[in-house]
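See structure below.
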Amino acid sequence: MENYQLDKMDEVILRMLSENARVPFLEVARACGVSGTAIHQRVARLSAMGVLQGAAYQIDPTQIGYETCAYIGLYLKEDVPFDKAVEALEQIPEVVECHCTNEPFDFFIKVHARNNDHLLTIIHEKLKPVGLSHSKIILSFRQIIKKQLTVLPIEGKENVT
């Protein structure tokens, strides 16, 4: 995408899809003043470029019994290969995000657990075998903001809202 500049039509498409991924392409086409085929082609291109990723239903973990959300900074033992640790983390269903950060952690992960006891079990039975030396845990009591990024660089302009 380095050589491709998003234009106003891309902005409208991305905004509408971020608000409702199930919006009919014909509705997007009307908003853009083009055909449904043109929108389908744009969405296909944006997907191929990696700008749009997936189109799935989101499950609310609290609605299915996962009441505890934790962010955990993981420190690996020195002899643990980074790639092997990533592969192991990918196999843990409760780990829903994993990031490399500027902090001294090797990884910063997001975990959903049924409760605090379940979180402790995940740490001892699933995370420690990855090769942890220690961890830093931050509990999330409640998510208060969740949204898509909608500030898009359009036609050389910065932070178009």
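The values are calculated or read from the model by the stated rules, or taken from the named source; none is laboratory data. Worth saying up front: this structure is predicted, and the values here are computed from it rather than measured. Counting neighbours? That spans all protein chains shown, and the Cβs are built from the backbone with ideal geometry, glycine included.
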Look through Gln91, Gln148 and report the one residue that is at pLDDT below 95 and at negative phi. Gln148
Residues being part of a helix (DSSP H, G or I), touching a residue at least 12 places away in the same chain (Cβ under 8 Å) and loosely packed, with under 15 Cβ neighbours inside 10 Å: count how many of those fall in segment 87-136. 2
Can you find a residue that is under 24 Å from the mean Cα position of the chain (by Cα), polar (S, T, N, Q) and in the same structural domain as Ser133 (by TED's automatic domain parsing) anywhere in segment 8-27? no
Residues that are under 11 Å from Arg114 (Cβ atoms), out of contact with any helix residue (DSSP H, G or I) (no Cβ under 6 Å at 6 or more places or on another chain) and not in a loop (DSSP other than H, G, I, E, B), drawn from segment 54-68: Pro61, Thr62, Ile64
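Please determine, by comparing only the residues of segment 2-34 that are touching a strand residue (DSSP E or B) at 6+ places or on another chain (Cβ under 7 Å) and closer than 25 Å to Tyr57 by Cα, which one is surrounded by the most Cβ atoms within 10 Å (Cβ to Cβ).
Residues of segment 2-34 that are touching a strand residue (DSSP E or B) at 6+ places or on another chain (Cβ under 7 Å), as a first pass: 6-8, 11, 14.
Going one step further and asking which of them are closer than 25 Å to Tyr57 by Cα, we end up with 11, 14.
Details: Glu11: 18, Leu14: 21.
Of everything passing the filter in segment 2-34, Leu14 is surrounded by the most Cβ atoms within 10 Å (Cβ to Cβ).
How many residues, within segment 65-84, are within 27 Å of Ser18 (Cα to Cα) and at pLDDT below 95?
Narrowing segment 65-84 to residues within 27 Å of Ser18 (Cα to Cα): 65-71.
Add one more test, that the residue is at pLDDT below 95, and what stays is none.
Going through segment 65-84 one residue at a time, the tally reaches 0.
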